[in-house]
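In what follows, a single structure is set out as structure tokens and then discussed.
Only the coordinates and a few stated rules stand behind these numbers; no lab work does. Note that the structure is predicted; figures quoted are calculated from it, not measured. FYI the Cβ positions are ideal-geometry reconstructions off the backbone, even for glycines, and counts take in every protein chain you see.
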Amino acid sequence: MGGKGLRTGLRALRGRRGDAGGVPRATAEPGGEPLKGASLKLADLRGFAFDLDGCIWAGALLLPGAGEFLAALRQRRKRLLFITNNSRELPESVAAKLNRLGVEASPREVLTALELLGKEIAQRFGWTQVLALGVPEMARALEAEGHTLVPVERWKDARVVALGNDPAFDYAKLKAASRAVASGAGFITVNLDPRLPLEHGEFDPGAGALAEAIAVASGVRPIVVGKPSPSIFRSAIERLGCRPEEAAMIGDSLRSDIRGGLDAGMVTVWVAPPLVKPDPGIRPHLRVASLHELLEGLDADLPASASAGA
């Protein structure tokens, strides 16, 4: 498809004020060094981090172009990482699902917000008593990190309320969590994603929807472990083993994938259907409708058309 295909097919975002081209040059980070502009190709990058839900898969379905694009990167010996806000699974089960869908992946190549939750609580509050609202995998991860779990009826003993995507969330849990937080317990959530995408356009309410209910009732906003939190992107870049400007963050969420990638100084690629409206405050370097489209432009020049610090 070549350079023309990248310019037309990838629809680099335009229209912001700047110099003669109307758009200032892309930067690796706020106040940092500019990217190499037209001389930089996507294929020149060393590491590629991918969101999963809505980018690689939707529920149990592999999305168009995902397998082919990942295979092409493997052939070029690129470093891959699958980074997800999923609060229901740990790396082993995520890697197993990828392999079932025909995508080669090891647990080491998967970074979940859930696996960072216990560490984040320990760093901020020490090893402590936690009211955990989520799936059994989340409870086991917290206990493995050294925390003590308290039941809903003993919410007064909780020093931290930890929230994941909880299919059994109900009014009793909302009442216990909001009262604990209002009484001074820390409030931390795996993510703020409002929806969990499923196949055929369906979705489940995300952890963000539950977090909002607790935040409104308690009057306290949560600490976020997953994207766009800087901590998960620091872990991602460390896992990829390259500098931020040598890595791409590819995902479908402007507010988690793209915002976090920009703040970390990464090259960002937004995967979104043409009818989805952009957010003028979050400017990815590239926009594509699918990973199949991105594969066609892998060897073409990257446009210097968005600011990583926007």
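Relative contact order for the stretch 52-192 using alpha-carbon pairs under 8 Å, separation at least 6, rounded to a whole percent? Walk me through the intermediate numbers first.
Working: 218 pairs, mean separation 29.5, N = 141.
Taking the mean separation of contacting Cα pairs over the length of the stretch 52-192, I get 21 percent.
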message: As a quick test, which of the pairs Lys227/Lys277; Lys119/Lys173; Lys41/Lys277; Lys97/Lys227; Lys78/Lys227; Lys41/Lys97 have an alpha carbon distance above 29 angstrom in this structure?
response: Lys41/Lys97
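Let's test the formula: R0 of 41 Å, r as the Cβ-Cβ distance of Ala172 and Leu61. What FRET efficiency results, to the nearest 0.05?
Working: r = 35 Å, r/R0 = 0.85.
Calculated value: 0.75.
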- prompt: According to a simple spin-label model (label point 7 Å from Cα along Cα-to-Cβ), what is the distance in nm between Arg46 and Asn99?
  reply: 2.8 nm
task: Treat each spin label as a single point 7 Å out from the Cα along the C-beta direction, and report the Phe203 to Asp157 distance in nm.
output: 3.8 nm
field: Cα→Cβ-extended label distance, 7 Å offset, between Val216 and Arg255, nm
entry: 1.4 nm
statement: If each part is reduced to its alpha-carbon centroid, the stretch 253-299 and the stretch 96-153 end up apart, in Å, by 28 Å
